[in-house]
Amino acid sequence: MKLLIRGGRIIDPAQAMDKVTDILVINGKVETVANNIEAREGMKEIDAEGLIVCPGLIDVHTHLREPGQEHKETVFTGAAAAAAGGYTAVCAMPNTDPVADNQTVVSFVKQRGINAQLSRVYPIAAITKGSQGQELTEVGDLVGAGAVALSDDGQPVMNAAVMRRALEYTKLFSLPIVSHAEDKTLSAGGVMHEGEVSTRLGLSGIPALAEEVAVMRDILLAEATGGQLHLAHISTVGAVNLVRQAKLRGANITAEAAPHHFSLTHQAVDGYHTDTKVNPPLRTEADVEAVIKGLSEGTLDVIATDHAPHSMEEKDVEFDLAPFGLVGLETALALVVSKLIRPGHLNWTQAVTLLSTNPARIFKLPGGTLTPGSEADITIINPDLERTVTKELFKSKGRNTPFDGWKLQGWAEYTIVSGKIIFQRNSKEG
Amino acid sequence: MRWQRKDLLALEPLTRDEINLILDTAVPMKDIIRRDIKKVPTLRGRTVINLFYEPSTRTRTSFELAGKYMGADTVNIAASGSSVVKGETLKDTAKTIQVMGADVVILRHGMAGAPKILAETVTSRVINAGDGTHEHPTQALLDLFTIRESKGSIAGLTVTIVGDILHSRVARSNIWGLTKLGAKVRLVAPPTLMPPGIEQLGAEVFYRPEEALAGSDVVMALRIQKERQQKGLFPSLREYAKIYGINQERLALAKDGCLLLHPGPINRGIELSNTVADSIQSRINEQVTNGVAVRMAILFLLMGGGKGETIN
């Protein structure tokens, strides 16, 4: 199986490459990156002129809902959505039903991912049994079954002693602990960002402090233990500042931000649109600017989608009753291009670093580079293609997006896993 | 001018002229309430449904009487006894009510934004009778009516609202209504009961009642809910009453002839001392009467009143 990608602009931050050249893939691995590779019989060719060719995008924060909530998403539909969004791999959060706190569920999710033959699916297992925040899971078994990280995402580990033990114990496995940083005593009852808009709408607020207090605690625990801490969905000025200061002190921590947190403010909640109900909530203009600055200066290491599909029935209710979450796999790349690259906040190298290089490095995953010999997980992006987000065309079962109807530029044309094209944009869909 | 809106969901989007239209229409409605026979046939053959997801004897009775005085058939549905407890969604309940032929649905709901969902789902007219901590437009309209009735005009007045601003839909609606009509609004509450960014709605924030009351033309005390204290938002009802309770000494700081309002029911000895609650400055009973008049006016306008129809 041979694939020749011709004349694309290859951006691979891992080898400091940004040049127009060709890539040859043989048997699922990158064989050569060179000019004027000769086409041979039996080689499939892609003309990538005018397109960006980069290591496949990796989402370290996806909710696939299977097992237990297949009406929202399955591993298959989630992997298809990932492929359509340009992602060659996703890390699946463990808040399924039952929770992925045992090797059976972790193996099941992994196997479903293999069966789907689309984007790679890497399970993340729970930190604590049932994600109840009390008792550590059997980490050795979970790693053996394929878990690439631990997280109780959706719930914080409120008990600081448990979080300390988790960070200490997982040093044995060099496993990242992904923190959902939220102090529940400060966020209790809140449904959106606490501020002028929540006051006007009469909705209970989640203060920025709820995130910042928890981020500070987890940074201190990580510094004390030497465990590998990855802070999920950073959304406030204060949290970005805390991460920056910790990194200046030399703390070995990483952090991510989600596209909706650099694309929308809490003003979007006006009108009680439940597709804007997300946790952490959409914040203020200043918070959005801080997240963008954090990404552009490297304080925040990763852009992750926090893809959280819900059914229409669950979202089509009073704002207070709707579950938190929006779908992101199929809009993330276009939001990065439209909201970060085109306005000049990021260049392409930075964007690829945040979307692929760093996720692979931090979570120790295959891919993340196009160095010869590496897995041929490749995303080919048309940076100029403009499309209107149409939620009815999503591969995900989730339609809960606040971006429906938005015109965005920069979409994946091809998604390639192990040298096999798993997504090719249908020209009729634009 | 004529009423153009399908629903009355909030005061935030209303113009000054729309608010004045409601207040002006309520004047003749109050005359009807004063008659021996308090009934006009204006809404005969119309059906008004009170859909109350939260218990509220005052507001529900006020709407019910308003409907009956206008000749409409009124039906009360309490959510606790309805299919809601069986898991039916608000939208489905709304559709059911619509196909039963309701002309107007009056919704009281514990969650902000619920009337908007209802209004977008049904062709019936929808009136918000209080949604979570968002708005309670008819309560604010009756407050505006009561103030205007006593003071002649609202423009230029200083109105001080005292109490649990954080959870008060009455305060939010009053801020919109009062500022649109040209009044200055002062809010006074313990810092823990003052929502962030409330000044961006156009009000001035105080923590000490003595400062806020000075020079006020109207003082509106809000009901304190005892469970707020249990949540630790303030130390005790006793301390609240001591610092924020409106008594004669505090009321004396306001202008001579200052009006005292309260949406009721009063916790006597907490928000208001007995003496001020029953003083000549108190308009609390008048508010209740005016509530019926204002709600009659709203029903009249929403049902197409003012397009050549008379109310007699």
Determine, from the Cβ-Cβ distance of residue A:249 and residue B:247 and an R0 of 35 Å, the FRET efficiency 1/(1 + (r/R0)^6), rounded to the nearest 0.05.
-> 0.05
Long-range amide H partners of residue A:326 with built H, under 5 Å = A:308
Protection proxy ranking, peptides A:66-74, A:138-146, A:273-281, average beta carbon neighbours within 10 Å, highest first = A:273-281, A:66-74, A:138-146
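Using 0.36 nm times the number of residues separating residue B:229 and residue B:100, minus their current alpha carbon distance, what extension gain do you get?
Details: separation 129, 0.36 × 129 = 46.44 nm, distance 4.26 nm.
Extra length from residue B:229 to residue B:100 when fully extended: 42.2 nm.
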Which whole-Hz ³J(HN,Hα) couplings does segment A:251-268 yield from phi under the Karplus relation 6.51 cos²θ - 1.76 cosθ + 1.60, θ = phi - 60°, glycine and proline marked x?
-> 5, 8, 10, 10, 8, 10, 9, 9, x, 5, 7, 10, 10, 9, 10, 5, 4, 5
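Per residue Cα convex hull volume for segment A:310-430, in cubic angstrom? Each step should come with its number before you reach the end.
On the way: hull volume 16.8 nm³, N = 121.
Hull volume over Cα atoms, normalised by residue count, gives 139 Å³.
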Inter-label distance, nm, simple model (7 Å from Cα along the C-beta direction), residue A:138/residue A:297 | 4.6 nm
A correct Karplus calculation of ³J(HN,Hα) over segment B:59-71, with 6.51 cos²θ - 1.76 cosθ + 1.60, θ = phi - 60°, whole Hz and x for Gly and Pro, returns 5, 5, 5, 4, 5, 5, 5, 4, x, 5, 4, 8, x
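Per residue, how large is the accessible surface of segment A:190-281? Use a 1.4 angstrom probe and give square angstrom.
27 Å²
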Residue B:280 paired with residue A:173, simple spin-label distance in nm, labels 7 Å along Cα-to-beta-carbon | 8.0 nm
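Please tell me the relative contact order of chain A in percent, rounded to the nearest whole number, where contacts are Cα pairs under 8 Å and at least six residues apart.
On the way: 1105 pairs, mean separation 85.7, N = 430.
In percent, rounded to a whole number, it is 20.
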For residue A:29, the residues 5 or more places away or on another chain with a placed amide H closer than 5 Å to its own amide H are A:376
Can you give the extra length, in nm with one decimal, that the chain gains between residue A:364 and residue A:321 once fully stretched, where that is 0.36 nm per residue apart less the Cα-Cα distance?
-> 11.7 nm
Let me see the pair-distance distribution of the protein assembly as shown: every alpha carbon pair, 10 Å bin width, integer percents in order.
-> 3, 14, 20, 20, 16, 13, 9, 4, 1, 0, 0
For segment A:278-327, residues shielded by at least 40 square angstrom of accessible area compared with the chain on its own, probe 1.4 Å | A:316, A:318, A:320
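Could you tell me what a quarter of the Cα convex hull surface of segment A:1-71 works out to, in nm² with one decimal place?
Working: hull surface 28.7 nm².
So the Cα hull casts an average projection of 7.2 nm².
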So how much slack lies between residue A:209 and residue A:104, counting 0.36 nm per residue of separation and subtracting their Cα-Cα distance, in nm?
-> 34.1 nm
Neighbouring partner chain Cβ atoms per residue of B:132-139, average, 10 Å criterion = 3
Cα-projected label distance for residue B:44 with residue A:36, points at 7 Å along beta-carbon direction, nm = 9.8 nm
Taking R0 as 25 Å, what's the FRET efficiency between residue B:17 and residue B:199 from their Cβ-Cβ distance, rounded to 0.05?
-> 0.45
Ignoring ligands, DNA and RNA, the residues of segment A:197-211 whose accessible area with a 1.4 Å probe is reduced by 20 Å² or more relative to the chain alone are A:199, A:200, A:202
Over chain B, what percent of the accessible surface lies on carbon and sulfur atoms, probe 1.4 Å?
-> 49 percent
Once the Cβ-Cβ distance between residue A:97 and residue A:313 is put in as r, and R0 is 22 Å, what FRET efficiency do you end up with, to the nearest 0.05?
-> 0.85
Rounded to whole Å and sorted largest first, list the principal axis extents of the Cα atoms in segment B:76-195.
-> 47, 34, 22
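Taking Cα pairs under 8 Å and at least six residues apart, what relative contact order does segment A:206-259 come out at, in percent? Don't skip to the answer; put the middle values down first.
Values: 58 pairs, mean separation 22.7, N = 54.
Once normalised by length, the contact order is 42 percent.
Take every DSSP beta bridge whose two residues both sit in segment A:15-117, then give the antiparallel share in percent to the nearest 5.
Details: 5 of 9 bridges.
Taking every DSSP beta bridge with both residues in segment A:15-117, the antiparallel ones total about 55 percent.
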One finds the C-alpha centres of segment A:355-430 and segment B:112-159 to be spaced, in Å, by 49 Å
Whole-Hz ³J(HN,Hα) from phi, Karplus 6.51 cos²θ - 1.76 cosθ + 1.60, for segment A:149-156, glycine and proline x | 6, 10, 7, 9, 3, x, 10, x
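Which helices of chain A meet both criteria: a Cα extent of 15 Å or more along the helical axis and a mean Kyte-Doolittle score no lower than 0.0, with helices taken as whole DSSP H segments?
On the way: long enough: A:103-116 (19 Å, 0.06); A:208-225 (26 Å, 0.89); A:237-248 (17 Å, 0.67); A:285-297 (18 Å, 0.09).
Those that clear 15 Å and a mean of 0.0 are A:103-116, A:208-225, A:237-248, A:285-297.
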What's the Cα-based Rg to Rh of chain B, Rh via Kirkwood?
-> 0.97
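The values are calculated or read from the model by the stated rules, or taken from the named source; none is laboratory data. It should be emphasised that the depicted structure is a prediction, and the values quoted were computed from it without experimental measurement. Positions of Cβ are backbone-derived with ideal geometry, glycine not excepted, and every protein chain shown enters the neighbour counts. The protein model used for the area step is the full one, side chains on, heavy atoms only, and it has no ligands, DNA or RNA in it. Shrake-Rupley method; radii C 1.70, N 1.55, O 1.52, S 1.80 Å.
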